[in-house]
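A single structure is presented below for examination.
Please treat every number below as a calculation from the coordinates, not as lab data. Fair warning: this is a prediction, and the values are worked out from it, not measured in the lab. Positions of Cβ are generated from backbone atoms using ideal geometry, with glycine treated the same way; all protein chains shown enter the neighbour counts.
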Amino acid sequence: MEALFKDFAHPGDSIQNFIMQYEKLVQSSMDRDDNQLYVTVKTDANLWSKFPMEEQASKFYTRAIFERFQEHLKNTTMYNVDSEGIRQCCYTKSCTYERGRSVH
């Protein structure tokens, strides 16, 4: 909490100045939250894969948290392929189900 105040108030400030700076801090925080909510509600996330889990996550996480989730999803589906001495990274981007088992 102290880190939040260091840019808005100083130890020598009057109570009145502290309250004004505190109100600016609260307003700034609310504006940031409102912007995140607007982006989440009014825009669609860019889906990276065809996993149903990713689409579901895009609907209930804020965009910033969803993007972190998406990065973790990419990292968990990545694997290395070494073909003829050339190393490449590949991703599993979708999964289909055939007779009760998953096929990649």
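Starting from the 7 Å offset along Cα-to-Cβ, what nm value, one decimal, do you get for the label separation of Thr92 and Asn75?
1.8 nm
Then there's this: When the label point is put 7 Å from the Cα of His10 along its Cα-to-beta-carbon vector, which residues of the stretch 21-40 have a backbone N closer than 13 Å?
none
Report D for the stretch 18-103 in µm² per second (integer): Stokes-Einstein, Kirkwood Rh on Cα pairs, 37 °C, 0.692 mPa s.
Once the numbers are plugged in, D ends up at 204 µm²/s.
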